[in-house]
1. For residue 220 and residue 199, FRET efficiency with R0 = 22 Å and r from the beta-carbon atoms, rounded to 0.05?
2. Per 5 Å bin, what percent of the C-alpha pairs of region 4-81 does each bin hold, from zero upward?
3. Could you give the length gained by full extension between residue 346 and residue 332, i.e. 0.36 nm per residue of separation minus their alpha carbon distance, to one decimal place?
4. In Å and whole numbers, how far do the C-alpha atoms of region 1-135 stretch along each principal axis, longest first?
5. Å³ per residue of the Cα convex hull, for region 289-346?
6. Starting from the 7 Å offset along Cα-to-Cβ, what nm value, one decimal, do you get for the label separation of residue 147 and residue 322?
7. Rounded to the nearest 0.05, what FRET efficiency is calculated for residue 287 and residue 190 with R0 set to 41 Å and r the Cβ-Cβ distance?
8. May I ask you to derive the FRET efficiency for residue 254 and residue 232 from their Cβ-Cβ distance with R0 = 22 Å, giving the value to the nearest 0.05?
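Derivation of every value follows stated rules applied to the coordinates shown; laboratory data play no part. Worth saying up front: this structure is predicted, and the values here are computed from it rather than measured. With ideal geometry, Cβ positions are generated from the backbone for all residues, glycine too; neighbour counts draw on all protein chains shown.
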Ligand code: AOF
Ligand code: ZN
């Protein structure tokens, strides 16, 4: 039996529910669920509100109570099969007497997968794949991280027109415009980790906190990860708890991008915002570990100066890396500043 119009509409609604604003950024996927009666009417709705809270199915079942019996559960992710922070949803759906389950994305998480089979074995009709692409897109970063067993990496590149991040004497205040810097903070707030090298901490002494991210309530500061074997000076600003309340710092004692990402994944990190200097950026590009580039280009010429990215080992045009542009946005200048351009690439 294939899904009906009512089920497709319910899946659209479940995707909306999954994307309800205000859910804190965390390690769990966003999931929505709608329970339909035999006439396609909505019995209950539910969604997941972050790690440790009810899964979407459990939320909808709780709303429905005994009315869940005989319904069709339309859910954006295959119901889980495991007892993790909460109980297994496949079993809960069976116990509630749900007759049919339509899900969008199959669960890529090996720990939780298998709910579809459990449901079928219990005599529930199951259909997967309805609007699956939209569900995957909704949890783009989570899906990537679970599929690859490592965090998704966004590299932030900010440079002058001639590809410099600073002038020859090291001064860099400001190459990018106020609007571009503000935009960077907004993107930082969407990631769970910022990553720099020990050199950046030594030289630039950044705070690495999210300040003016006004379009998203900042429930939690991203983790500040510093990688490299060099000792860190405890007097640096990232260790100043008054300057950076609520932001945690971790020192990853490795220069290997693969090892650093493995350690971050083990800490439940799924989205790294790579903001390090030219050497770190080049190491990630060379290792093939940059999944997205967000480049801010400012109409400034510095001539001799610091390269925004170090040697990538490319010597001939045939070897040039040519990322695919997915977005171009002009960031208008405020207070007499010139516009900057933001290019997003994968
Ligand atoms: C969710 N919300 O609505 C559904 C999930 O951390 P746990 O123990 O709650 O389990 C998280 C896993 O459960 C998650 O990675 C995914 O595979 C599965 N389904 N998770 O957070 C939900 N339905
Ligand atoms: Zn579940």
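1. So the FRET efficiency works out to roughly 0.25.
2. The calculated distribution, bin by bin, is 3, 19, 28, 25, 15, 7, 2, 0.
3. Contour length minus the Cα-Cα distance gives 2.7 nm.
4. On the principal axes, region 1-135 reaches 36, 29, 29 Å in Cα extent.
5. Given the Cα convex hull of region 289-346, per-residue volume reads 123 Å³.
6. A separation of 2.4 nm, rounded to one decimal place.
7. It comes to 0.95.
8. E(calc), rounded to 0.05, equals 0.95.
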